[in-house]
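Structure record follows, encoded as structure tokens.
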Amino acid sequence: MENARASVRDAPGGRQFDVVIPQGDADRVFLYEIYDDAAAFDAHKKTPHFAAFDRDSASLVASKVVTLGKLEYAGTDG
């Protein structure tokens, strides 16, 4: 959770970071992150808070899959 908070608070271009536990699958975690662009995401991966998260969670991670996408609609229209 600290990595999520720091990613929005401290990473330039970090817009959103949600931590999701899929219903019925408590052994999985889905991280939904939005950054301004690919450069902002790359910069996030070089931050101290990311390094700490990566180190501290390594023993809990069986595999990682990163899916990149383009945000088409954020659901913020009135």
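Give me the pairs, please: first residue somewhere in the stretch 38-51 and among the polar types (S, T, N, Q), second residue anywhere and modelled with pLDDT under 95 and in a loop (DSSP other than H, G, I, E, B), beta-carbon distance under 6 Å, and either six or more positions apart or on two chains.
The qualifying pairs are T47/A11.
Just to be sure before I move on: is F50 touching a His at 6+ places or on another chain (Cβ under 9 Å) and either aromatic (F, W, Y) or at pLDDT below 90 (or both) in the structure I sent? Full working, then the answer.
On the way: touching a His at 6+ places or on another chain (Cβ under 9 Å): yes; either aromatic (F, W, Y) or at pLDDT below 90 (or both): yes.
Judged against the criteria, F50 is a match.
When you check A6 against the structure, is it over 11 Å from the mean Cα position of the chain (by Cα), surrounded by 11 or more Cβ atoms within 10 Å (Cβ to Cβ), in contact (Cβ under 8 Å) with a residue 12 or more places away in the chain and not in a strand (DSSP E or B), yes or no?
Working: over 11 Å from the mean Cα position of the chain (by Cα): no; surrounded by 11 or more Cβ atoms within 10 Å (Cβ to Cβ): yes; in contact (Cβ under 8 Å) with a residue 12 or more places away in the chain: yes; not in a strand (DSSP E or B): yes.
Judged against the criteria, A6 is not a match.
Look at the stretch 23-59 and say how many of its residues are of a type in the set (S, T, N, Q) and either surrounded by 13 or more Cβ atoms within 10 Å (Cβ to Cβ) or part of a loop (DSSP other than H, G, I, E, B) (or both).
Qualifying residue count, the stretch 23-59: 2.
The values are calculated or read from the model by the stated rules, or taken from the named source; none is laboratory data. Here the structure is a predicted model, which means the values were calculated and not measured. Every residue, glycine among them, receives a Cβ derived from its backbone with ideal geometry; neighbour counts consider all protein chains shown.
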